[in-house]
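Chemist: Before I ask anything, here is the structure I am working with.
What follows draws every value from the coordinates through simple rules; no lab data is involved. These numbers were taken from a predicted model, which means no experiment stands behind them. No Cβ is skipped: glycine too gets one built from the backbone with ideal geometry, and neighbour counts run over all protein chains shown.
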Ligand SMILES: [Zn+2]
């Protein structure tokens, strides 16, 4: 993936339900990129503050959109 002159920005985090902690400790946010052509969503980020689990995988706590 190649983004020119992009400034990444993480959106407002939202708490989601973590099935491991049985609590709303899974923080999720949208990742945006600002370029000369405007802003667009490039991916998402989520990780539980309680157990460190991520719906995107143990080793990958964020995901990029496949365009
Ligand atoms: Zn958890």
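Yes or no, residue by residue, for (1) assigned to a loop (DSSP other than H, G, I, E, B); (2) free of Cβ contacts under 8 Å to residues at least 60 places away in the same chain; (3) in contact with a strand residue (DSSP E or B) (Cβ under 6 Å, 6 or more places away or on another chain):
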{"site": "33", "(1), (2), (3)": "no, yes, yes"}
{"site": "51", "(1), (2), (3)": "yes, yes, no"}
{"site": "55", "(1), (2), (3)": "yes, yes, yes"}
{"site": "63", "(1), (2), (3)": "no, yes, yes"}
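Chemist: Could you say whether any residue in segment 7-17 is surrounded by 13 or more Cβ atoms within 10 Å (Cβ to Cβ), within 15 Å of the ligand (Cβ to nearest atom) and either in contact (Cβ under 8 Å) with a residue 40 or more places away in the chain or assigned to a strand (DSSP E or B) (or both)?
Modeler: yes
Chemist: Just to verify a result, which residue in segment 35-49, among those that are assigned to a strand (DSSP E or B) and within 16 Å of the ligand (Cβ to nearest atom), is surrounded by the most Cβ atoms within 10 Å (Cβ to Cβ)?
Modeler: Top of the filtered list is 48.
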